[in-house]
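One structure is given below, encoded as structure tokens.
The values are calculated or read from the model by the stated rules, or taken from the named source; none is laboratory data. Predicted model, so just to flag it, every value in this text is computed and none were measured. FYI the Cβ positions are ideal-geometry reconstructions off the backbone, even for glycines, and counts take in every protein chain you see.
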Amino acid sequence: MQPQGMVSSADAAASALEAGDGGSPSLIRTFLQGRGSSAVADGTFRNLMMLCSLSIFAIVAFIAWELVKGSSASIHEFGFAFFRTETWDPVSGEFGAWPFIYGTLVSSLLALLMAVPLAIGVAVFLTEMCPRPLRGPISFLTELLAAIPSVVYGLWAVFVLVPLMRDHIGPFLLKTLGWTGFFGGYNMGIGMLTASIILAIMILPIISSITREVMTAVPISQREAALALGATRWEMVRIGVLRNARIGIVGGVILGLGRALGETMAVTMVIGNSPQIAKSLFAPGYTLASVIANEFSEATGDLYLSALMEIGLALFLVTILVNALARLLVWAVTRGAPARVA
Amino acid sequence: MRDSIKTGRVRSAWRWSANHVFTLLAVGSTVLVLAPLVAIFIYLLYKGASSLNWAFFTQIPKPVGESGGGMANAIVGSGIILAIASAIGIPIGIAGGVYLSEYGRGRMLANAVRFTADVLNGVPSIVMGISVYALIVLKAKHFSGYSGGVALGIMMIPTVIRTTEEMLLTVPSAIREAALGLGVPAWRAVVSVSLKTASPGIITGCMLAFARVAGETAPLLFTAFGNAFWSTNPNQPMAALPLQIYVYAISPYDDWHRLAWAGALVLIAMIMVSVSLVRYVASRGILKGAS
């Protein structure tokens, strides 16, 4: 009796649902119809979200467009020779970017030279040797270095690092390595070497955190295998870890290079801002980013402004290339592991 | 026979010392890296705290030669510029992150967005500054607070997109499916379930992006420009804390140097406090349920 009754009531409900007109519509149907379809809202929401994520491409295109438009006068006037010309003389209208390119390359490469061994040392220490209770605090501290604003680094460099360079480190280098010719001339404390040191301090956290990330991605079995063969800890790190992580480490180094190339404020405050090419590292220099920072707001004349815009364009293209390369290398190693924001 | 034993001993001695040398080097480099950090903080506290006083927070800069004065206008200006930046950067960034995690998994387009965001993160801030200068300041023919806000807002977007995506990826699929199974529209499931569940992490990510741009000077040089007087009108040149620190640091006056140290201390304190506060609150789960 009972099954029979259930079937008949289900039938009744189904026929009521299908009937639509006539009879009373079911409660569910009235509720669903009353609320309307969510297809439109869903589609709109989805497209809105997509539009916002596409804004990333719009931003890159906008920067490129503004820079190309702004620098067209300079590109037209000087052509490719702009990047090879050594004179930068706004008064007579001669603009060449070579001293800035030179300064940027030398300061960034010197900074890498100092930062990379230290960064790898920190990463090795943190992943392979550090006692567990210390690991958290130390990695937090190194990441704190990345949170300090550039201008505060600059302030510290101007009042602490520059006097230190002038009175202690500089004379010492002159005495011991003066014969190489890299540490000659008048040592004012400001100059290429000081800028490189502050740059090295600033790019260290990013290199060491990427290195740490790729080193943690190396499977533990690699380490165990090396140790089982009788390797010492250093041999284990060299054979089992660094060798496997090398592509990722190179990626981290290139990422650091990208940071160093575009770093503006701290470098501007200590590099001396003089468009010259000197062999001595005590001599003042100038970088692409700092010439923009210093001269952009007082640039008189369209060509002057346009030349500075072209320097900005060069900086933009170079950092885009460098960063793209670095990301690809890091992704190649940590693929599978969840991505992290640097 | 003896020779091979001897070389074996020499080799193991060599390996033993190499091991210890490199252990020492690793420890030494860690110490060397932490040294400047400690030095910077000690100097900031020592120099900054001694020049910090009530006037710093209440007065505007005095003309050259008069001692005293403060950075009240720069603190307020930074607040206004950062508010504009957050109004631009946070909604767009969160929406972009929602697309990547909720709709774009495994798609070429999403991968391209992710990659471009990472690359954009590495573009020097000064380049952002001159682009916004060309877009807004050149056309308006004057420097303005809101152009500075736009520049910083654009810089926030990549970071917010990536952290939002990461946080949303940690939300278990079962929760989304449960919401959808109850007949909730997809957009509603994203807003009230996925975003709400991930909100502590997303707020932390936004604060990190905020802290990153709060200390930026280079993009403000040609947009907000700085102002020695009170100005709360975003259509006018506006003072900002990092800009003021820069101007005072490279000035030749001792009095201004003291103010620069005090400003740097306040800036760092603001950044650190906001970041650690949000981290603490997020880790305690108090923000859970906040939308």
Inset, instruction - Would you mind listing the helices (runs of 4 or more DSSP H) fully within segment B:93-210 where at least 2 residues are more than 8 Å from chain A (Cβ to nearest Cβ) and over 18 Å from the mean Cα position of the chain (by Cα)? - result: B:108-121, B:145-169, B:173-181
Legend entry - Exclusive hit being under 30 Å from B:Val64 (Cα atoms) and touching a Phe, Trp or Tyr at 6+ places or on another chain (Cβ under 7 Å), set B:Ala228, B:Ala214, B:Ala224: B:Ala224
Legend entry - Which listed residue, of A:Ala146, A:Ala123, A:Ala111, is modelled with pLDDT of 95 or more and either among the acidic types (Asp, Glu) or part of a helix (DSSP H, G or I) (or both): A:Ala111
Inset, instruction - Would you confirm whether any residue within segment A:190-213 is surrounded by fewer than 20 Cβ atoms within 10 Å (Cβ to Cβ), on the phi < 0 side of the Ramachandran plot and touching a residue at least 12 places away in the same chain (Cβ under 8 Å)? - result: no
Inset, instruction - For B:Ala35, work out the one condition from (1) without any contact (Cβ under 8 Å) to a residue 12 or more places away in the chain; (2) under 27 Å from A:Val267 (Cα atoms); (3) touching a helix residue (DSSP H, G or I) at 6+ places or on another chain (Cβ under 7 Å) it doesn't fulfil. - result: (3)
Legend entry - So A:Tyr153, is it aromatic (Phe, Trp, Tyr) and within 14 Å of another protein chain (Cβ to nearest Cβ): yes
Legend entry - Residue identified as modelled with pLDDT of 90 or more and farther than 18 Å from A:Gly256 by Cβ among A:Leu229, A:Leu204: A:Leu229
Inset, instruction - Test A:Leu321 against the stated conditions and say whether it is surrounded by 24 or more Cβ atoms within 10 Å (Cβ to Cβ), facing chain B (nearest Cβ under 10 Å), out of contact with any His (no Cβ under 8 Å at 6 or more places or on another chain) and not in a loop (DSSP other than H, G, I, E, B). - result: no
Legend entry - Qualifying residues in segment A:47-81 (those that are in contact (Cβ under 8 Å) with a residue 12 or more places away in the chain, crowded, with 20+ Cβ neighbours inside 10 Å and within 22 Å of the chain's Cα centre (by Cα)) - the one nearest to B:Gly153 (Cα to Cα): A:Ile63
Legend entry - Test set (1) more than 12 Å from chain B (Cβ to nearest Cβ); (2) in a loop (DSSP other than H, G, I, E, B); (3) not acidic (Asp, Glu) - A:Ile249 fails condition number: (2)
Inset, instruction - Pull up segment A:126-143, narrow it to residues that are free of Cβ contacts under 8 Å to residues at least 12 places away in the same chain and assigned to a helix (DSSP H, G or I), then point me to the one that is farthest from B:Ala249 (Cα to Cα). - result: A:Arg132
Legend entry - Residue check, A:Ala278 farther than 26 Å from A:Ala119 by Cα, among the hydrophobic types (A, V, I, L, M, F, W, C) and at pLDDT below 90: yes
Inset, instruction - Go over the candidates A:Glu213, A:Glu224, A:Glu235 one by one and state the one that is under 30 Å from the mean Cα position of the chain (by Cα) and either part of a helix (DSSP H, G or I) or not assigned by TED's automatic domain parsing to the domain that holds A:Met114 (or both). - result: A:Glu213
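Rundown of residues vs (1) surrounded by 13 or more Cβ atoms within 10 Å (Cβ to Cβ); (2) outside any helix (DSSP H, G or I); (3) acidic (Asp, Glu), yes/no style:
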residue	(1), (2), (3)
B:Ala13	no, no, no
B:Leu25	yes, no, no
B:Ala35	no, no, no
B:Val38	no, no, no
B:Ile60	yes, yes, no
Legend entry - Test result for B:Gly226, at positive phi and either charged (D, E, K, R) or surrounded by fewer than 19 Cβ atoms within 10 Å (Cβ to Cβ) (or both): no
Inset, instruction - Can you confirm whether segment A:90-108 contains a residue that is assigned by TED's automatic domain parsing to the domain that holds A:Leu308 and at positive phi? - result: yes
Inset, instruction - Could you tell me whether any residue of segment B:108-128 is in contact with an Asp or Glu (Cβ under 7 Å, 6 or more places away or on another chain) and within 18 Å of A:Ala293 (Cα to Cα)? - result: yes
Inset, instruction - Among the residues of segment B:37-71, count how many are small (Gly, Ala, Ser) and farther than 20 Å from A:Pro149 by Cβ. - result: 6
Inset, instruction - Looking for whichever is aliphatic (A, V, I, L, M), part of a helix (DSSP H, G or I), at pLDDT 90 or above and under 15 Å from the mean Cα position of the chain (by Cα) here; the options are B:Leu267, B:Leu243. Which one fits? - result: B:Leu267
Legend entry - Yes/no for A:Ala157 being touching a Ser or Thr at 6+ places or on another chain (Cβ under 8 Å) and either farther than 20 Å from A:Tyr286 by Cβ or assigned to a loop (DSSP other than H, G, I, E, B) (or both): no
Inset, instruction - Scan segment A:144-164 for residues that are without any contact (Cβ under 8 Å) to a residue 60 or more places away in the chain and over 22 Å from the mean Cα position of the chain (by Cα) and jot them down. - result: A:Trp156, A:Phe159, A:Val160, A:Pro163, A:Leu164
